[in-house]
Amino acid sequence: MGRHADTTARRRPVPPVLIAAALAVVLAGGGLAWWLTGSGGCDDRATVAVTVAPELGELTERILPAEIVVEERLCVETTVATQQPLQTVGDLSALAADALPGVWVPDSSLWAARAAEAPLEVVGSLATSPVVLATSQAAVDALGWADQPPGWGAALAGAHPVAVPDLATSAEGLAALTAVSTALGGGEAAGNAVVQAVLAAQRGPALSAAEGLAAGLKGGADAPLVPVSEQEVYEINTAAEASALVAVYPGEGSPVLDYPVVRVGSPDGDQALAVAAVVRALTSDAARTAAVDAGFRDGNGAVPPDAADAGIRAEAPTALELEPAAVQALVAQLSNLADPSRILAVFDVSTSMEAPVGEGTRATLARDTAKATLSLVPGDFALGLWAFAYQLDGEQDWTELVPTRELETLVGDTTQREILDDQLDTIPDRLTPGGTGLYDTTLAAVRAARENYDPTAVNSVLVLTDGTNEDDQNGLTLDNLLITLAAEADPERPIKVIGVALGPDADLTALEQIADATGGAAYSAVDESDLQTVLFDALRQRG
């Protein structure tokens, strides 16, 4: 229903030659010589990876031809992957250039602003969609909004339940809260209104955005307000038997998701020609027509003819401009509303981490996703890093790589964040034979975290392993570990263990028991695409 994460890249088979379609594409391309072909007779070939926001996956597949021919010699194939924009922002700062897409289409330019240090160039827009408040018609009628919609501040002040999307990953949620501030002109009153909206959402039922939309589909007057894109309302209503959701357009106007087409990096030669051809396809008149058919708006605000039947209005709302600096300030404000985290991360470096995953290994996957996550967490988070295996340091199964400190702490001329980033790079080179000392390491990490306890933060140990404990003969058993954790538990200094089982051979059952004993959580990351989501969720754990 609406948005979903799918980081699978798909290469489409080349269809037979379609002359009529080829002529249409040539005309739409404004003079660039490219067309659908199955001849395979090109002198040269290039592949362009395209990463898009989840709601654009099917649309992008329809827009991009299976093969684009440039200058009658270069055949360009595309692979399309969907990924949450926040994850792409992390990848842009953590991965090598050859691992990044050639073209990126997030839902908002706000994400490109967050990746300001990456080599990005916005070269157009695929579509637009205003941010609205989705709910049921019964709720709109009960609130008296049918003829006179409220302002953003009044709508989100808590008089009616609100299901706010995850602010870490949702441009809609950030845009809605920024709209509260923008509509009130900034300043202290606007800041207080944002705090009120966030606290109101926290006081209400713990509903996700998906649960809120499902409640709206049921049509009850108590359906919550959900900040979403107008296109998502259209998509849900079009797929449902009846148009039960209604888009509420607050009186001051709406922030707009602009779906920018972003060129990544600085390709040259044939690769530059290939990327340019893909950009041309994504910004063509044909692409904008396809976007409108899918419930988005084009640059002139046009929507599909059946808009009214799908719960959205034909008239475009006034656009509320969102300055990236204002959004960044809001992110900082929201961070201050939540308790900071203090995390000791403990990474398995046994030789089993050499197992292949995708184009790398479990060790490189752990390194890359950890670096991507590190680039996104606030500076007041405190993080430390250990590595563990079996008898890694004499008879000790673990070694400290970086003490736990706040990321913005200066150590000499270097920040803690930079030190961690450098040490994470060494993980694949630290792999050592001899098994995994999981239980002894976990207990030592919990004790170390308790010694460095911060009463103002959520204190936890994050254990990432792909194996099982192999130190029963000389070390703790699971039963002994659980007994010791219970005996040493201190309600005044609680330490949660977050266990991440990487791969199918990891002992998830043991991690779950350890997590239960400490009030933490355990996760399974079997597939390559799981680990990023797992780490984000683990970092957001709150007591």
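Each reported figure results from applying straightforward, stated rules to the coordinates on display, with no laboratory input. Owing to the predicted nature of the structure, the values given are computational and were not obtained by experimental measurement. Methodologically, a virtual Cβ is constructed for each residue, glycine included, from the backbone with ideal geometry; neighbour enumeration extends over all protein chains shown.
Structure notes:
- Note on region 338-539: dipole from Cβ charges, positive end direction compared against Thr432, Gln513, Ser460; the farthest Cα belongs to Ser460.
- Cβ crowding within 10 Å, taken as a proxy for footprinting-reagent exposure, orders Ser284, Ser352, Ser93 from fewest neighbours to most as Ser93, Ser284, Ser352.
- Order of Arg263, Arg447 - criterion: other Cβ atoms within 10 Å of each residue's Cβ, fewest first: Arg447, Arg263
- Ordering Phe381, Phe296 from the fewest to the most neighbouring beta carbons within 10 Å gives Phe381, Phe296.
- Shape call, region 338-539: gyration tensor on alpha carbons, a/c limit 1.5: rounded
- Normalised by the number of residues in region 338-539, the mean separation of alpha-carbon contacts (under 8 Å, six or more apart) gives a relative contact order of 23 percent.
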